[in-house]
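Taking it in order: structure first as C-alpha cells, then the write-up.
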Amino acid sequence: MAHILVTVLRRDRLVVLAGLGGVTVLAWLYLILLAAGMVDGPGAMGEAMANARPIPWTAGDFALMVLMWSVMMVGMMLPGATPMILLFAMINRKKREAGYPFVPTGAFALGYAGAWTAFSLFATILQWALHSAALLSPMLVSTSAVLAGALFIAAGTYQLTPLKHACLKNCRSPVHFIMTRWRSGAGGALRMGLEHGAYCVGCCWFLMGLLFVLGVMNLLWVAALTILVLVEKAAPHGEWTARISGVAMLAAGLYLLILA
C-alpha cells in the first residue's frame, strides 16, 4: 500500500511540474515574441515611438498592457512558487480530499496568479500615469534620472523593512503557511492561492517597479529579477540576499541622483 502511495505521489508531482513548467515556458515565449514585435502589443506605445510624444491610450491599449504585465508576472513568479504548489499537491493527495489532486491544485495556482493579476492592473495604471507625464521612453524606460534614482532608493529601502521580511518569511516557509492556513475543497484552495500570492506581491512589488528603470521589455533584466526573486525565496539564507541587494539598490539610487 505504501508503495502504491509513493508511486501516485511521484506521478502527481510529475504532472504538476509539467503543468507549471509548460505555463512558465508559454509565458516567456509570449514575452519573447512581444519584444520581437511578432505579436500584438499596446498600440499607444508604437504610436509614441513614431511620433516621439505621448499618445493617449485606448481601452484596447490598456487591456493589452494588463495582459502583458499579467503574463510577465506569471513567467517571473511561478518558478518561485513551485515548491509551495508541489507541497500543496502532495498534502492534498494525502488528505484524500479528492480522487485527483489536480483540480484543487489548479485552483491554488489560479488564486496565486489572480493576486499577481491584481498587481498587474496596478502596474498598468502606474505605467499609464508615467506615460501620460512623458516620463517613459518608447522602450518603456524612465526618461528621468531623478525618477530612476527615487525608484531604486524606494526599492532598496523596502528590501530592508520588517514588512518585506515578514512577507518573505511566508514565501520561504511553505509548510508553515499550509499548516496554518489550510482550507478544504477547490474554493479553499483558491483562497489559499490568493493569500499566498498576496504575500509574494508584498514581498516583490517594489522589485517589479524597477522595471520602469531597467526596461519593462528588457528581457535580460526581467530574467535577472526573476533569478533574484527565486534566490530570495528558495536559496539558503535568501533573507540576506534581500538585504544585500537592498543595500546595492540604495547605492545605485544615490548614484543616479548625484548624476541627475
What's the ranking of 109-115, 163-169 by average number of surrounding C-beta atoms within 10 Å, highest first?
109-115, 163-169
Show me 83-94, 226-237, 177-188 ranked by packing, highest mean number of other Cβ atoms within 10 Å first.
83-94, 226-237, 177-188
Helix 238-259: angle to the longest alpha-carbon principal axis of the chain, degrees 0 to 90, nearest 10?
10
Any idea what the relative contact order of the stretch 2-259 is, in percent, if you count C-alpha pairs under 8 Å spaced at least 6 apart?
25
Please report the equivalent ellipsoid semi-axes of the stretch 2-259, computed as sqrt(5 x eigenvalue) of the Cα gyration tensor, largest first, in whole Å.
35, 22, 14
Charge tally in the Cβ shell below 15 Å around Ala113, where Lys, Arg are +1 and Asp, Glu are -1, Ala113 excluded:
0
Rounded tilt (10° steps) of 102-132 against the dominant C-alpha axis of the chain:
10
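Values in this text are rule-based calculations from the coordinates and carry no lab data. It should be emphasised that the depicted structure is a prediction, and the values quoted were computed from it without experimental measurement. Counting neighbours? That spans all protein chains shown, and the Cβs are built from the backbone with ideal geometry, glycine included.
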